[in-house]
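Enquirer: Below: one structure in structure tokens.
The values are calculated or read from the model by the stated rules, or taken from the named source; none is laboratory data. Because the structure is predicted, anything quoted here is derived from the model rather than measured. Every residue, glycine among them, receives a Cβ derived from its backbone with ideal geometry; neighbour counts consider all protein chains shown. Calculation scope for accessible area: heavy atoms of the full protein, side chains included, ligands and nucleic acids excluded. Shrake-Rupley method; radii C 1.70, N 1.55, O 1.52, S 1.80 Å.
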Amino acid sequence: MDNQTPASRLFLIGSEASQAMSPELWNPVLEQLGSCWSYEAWDVPRDVPMSGIRARLLESDVVAANVTMPHKQWAARAADVATEAVRLSGASNLLIRDGLKLAAHNTDVAAVAGLLGGRYQRHAVMLGAGGAARAALVALKGLTGKVTIADRDPEAARQLLALGASLGMDAETAPWAAAQEQASRASLIVNATPVGKKSDDAPVWGGARLAGDAFVYDFVYAGHVTGTIVAAREQGLCCADGWDHLRAQAAAMIPLLDLAPQTDALLQHTLAAIQTKS
């Protein structure tokens with residue numbers, strides 16, 4: 001390990017990292033800031049031995065790494081120190097190198113909390129039970145009356161249920177179809193699944209009419225408006241899409257990486273340009 005190599009590389013780690021927008025978002029911003037940093041996608045399949053990944057992140061040229069599916073829970077375990085949001089959720093989407101240690105953060109939690117604005121939710125339906133759903137659940141701590149959880153993987157749903165119980169929530173699991181039906185009466189519907197990545201995907205809850213006070217939170221961003229967001233807008237509902245989330249979680253990284261105050265405005269401008277091009 002060459003400890004004289006200056007830290008200049010940021011990574012996005014995930015099984016489909018090369019398909020994500022993060023490098024296209026961050027690299028123009030870093031260039032405009034006059035930074036020598038670069039942001040790179042690093043495809044890491046689910047079954048790769050992660051000890052080698054951790055060792056690479058501790059090399060002296062690394063600044064930090066964003067972490068996406070399916071490695072957010074690994075990132076929380078791999079860290080030497082972690083924030084309360086990481087400890088509560090058991091997931092991390094940002095590892096920052098500090099010498100020979102990794103510090104885990106979860107800017108997904110900050111993004112969800114900011115976009116929901118602290119509003120109380122009488123009933124939240126969580127569709128999906130991975131790292132994004134964990135972040136959403138932590139962001140809802142003390143702000144929800146009931147949570148219904150569904151995932152195609154029953155074990156993942158049970159693990160999210162245990163997290164909800166540890167947060168003092170009135171939580172339950174439900175079969176997928178039953179949770180979709182409950183969504184029609186919920187005040188918050190969270191899509192923490194890949195549903196919507198295809199342009200012909202139906203709304204994640206199936207398309208029924210939702211309650212008038214419902215807020216729809218869709219983690220998916222794509223080169224099209226997802227069926228989930230199209231349906232929410234057609235019903236005149238408040239919503240946040242994956243682009244909103246991408247911007248909010250990126251903004252939460254600014255103080256953690258000690259970036260200049262103008263970074264937020266640059267992120268918003270660059271993201272708007274990407275969306276226009278998409």
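Enquirer: Restricting attention to segment 210-226, and to residues there that are assigned to a loop (DSSP other than H, G, I, E, B) and either within 23 Å of residue 22 (Cα to Cα) or β-branched (Val, Ile, Thr) (or both), which single residue is most open to solvent (accessible area, probe 1.4 Å)? Full working, then the answer.
Expert: So the first thing to find is which residues in segment 210-226 are assigned to a loop (DSSP other than H, G, I, E, B), and the list is 210-214, 219-226.
Subset that is either within 23 Å of residue 22 (Cα to Cα) or β-branched (Val, Ile, Thr) (or both): 219-226.
Details: 219: 30, 220: 8, 221: 51, 222: 15, 223: 49, 224: 53, 225: 76, 226: 6 Å².
The qualifying residue most open to solvent (accessible area, probe 1.4 Å) is 225.
Enquirer: Please state which one of 185, 158, 152 is of a type in the set (Lys, Arg), within 27 Å of residue 224 (Cβ to Cβ), open to solvent by 30 Å² or more (accessible area, probe 1.4 Å) and not in a strand (DSSP E or B).
Expert: Numbers: 185 fails: within 27 Å of residue 224 (Cβ to Cβ); 158 fails: within 27 Å of residue 224 (Cβ to Cβ).
Unique residue meeting the criteria: 152.
Enquirer: Surrounded by 16 or more Cβ atoms within 10 Å (Cβ to Cβ), touching a helix residue (DSSP H, G or I) at 6+ places or on another chain (Cβ under 7 Å), in a loop (DSSP other than H, G, I, E, B) and modelled with pLDDT of 95 or more - does that describe any residue in segment 131-140?
Expert: Among the residues of segment 131-140, not one is surrounded by 16 or more Cβ atoms within 10 Å (Cβ to Cβ), touching a helix residue (DSSP H, G or I) at 6+ places or on another chain (Cβ under 7 Å), in a loop (DSSP other than H, G, I, E, B) and modelled with pLDDT of 95 or more, which makes the answer no.
Enquirer: Taking residue 260 as the residue in question, decide whether it is assigned to a helix (DSSP H, G or I), open to solvent by 20 Å² or more (accessible area, probe 1.4 Å) and in contact with a Leu (Cβ under 7 Å, 6 or more places away or on another chain).
Expert: No.
Enquirer: Here's something else I'd like to know. Among all residue pairs at least 6 apart or on different chains, which show Cβ distances below 8 Å where the first residue, located in segment 253-278, is under 13 Å from residue 33 (Cα atoms) and the second is open to solvent by less than 20 Å² (accessible area, probe 1.4 Å) and polar (S, T, N, Q)?
Expert: Here the result reads 254/263, each pair linking segment 253-278 to a residue that is open to solvent by less than 20 Å² (accessible area, probe 1.4 Å) and polar (S, T, N, Q).
Enquirer: Against the conditions (1) at pLDDT below 95; (2) in contact with a helix residue (DSSP H, G or I) (Cβ under 6 Å, 6 or more places away or on another chain); (3) β-branched (Val, Ile, Thr), where does residue 29 fall short? Just the number, please.
Expert: With respect to (1) at pLDDT below 95; (2) in contact with a helix residue (DSSP H, G or I) (Cβ under 6 Å, 6 or more places away or on another chain); (3) β-branched (Val, Ile, Thr), residue 29 is out only on (1).
Enquirer: Turning to a different aspect of this structure: Please state which of the following conditions residue 143 fails to meet, knowing it meets all the rest: (1) modelled with pLDDT of 95 or more; (2) under 23 Å from residue 69 (Cα atoms); (3) not basic (Lys, Arg).
Expert: The single condition residue 143 does not satisfy is (2).
Enquirer: From the list 164, 114, exactly one residue is in a helix (DSSP H, G or I), under 22 Å from residue 226 (Cα atoms) and modelled with pLDDT of 95 or more. Which is it?
Expert: 114
Enquirer: I'd like to check something: does segment 164-181 contain any residue that is farther than 28 Å from residue 267 by Cα and of a type in the set (Phe, Trp, Tyr)?
Expert: The answer is yes; a qualifying residue exists.
Enquirer: Ok, one more. Could you check how many residues of segment 167-180 are surrounded by 14 or more Cβ atoms within 10 Å (Cβ to Cβ) and part of a loop (DSSP other than H, G, I, E, B)?
Expert: Count: 3.
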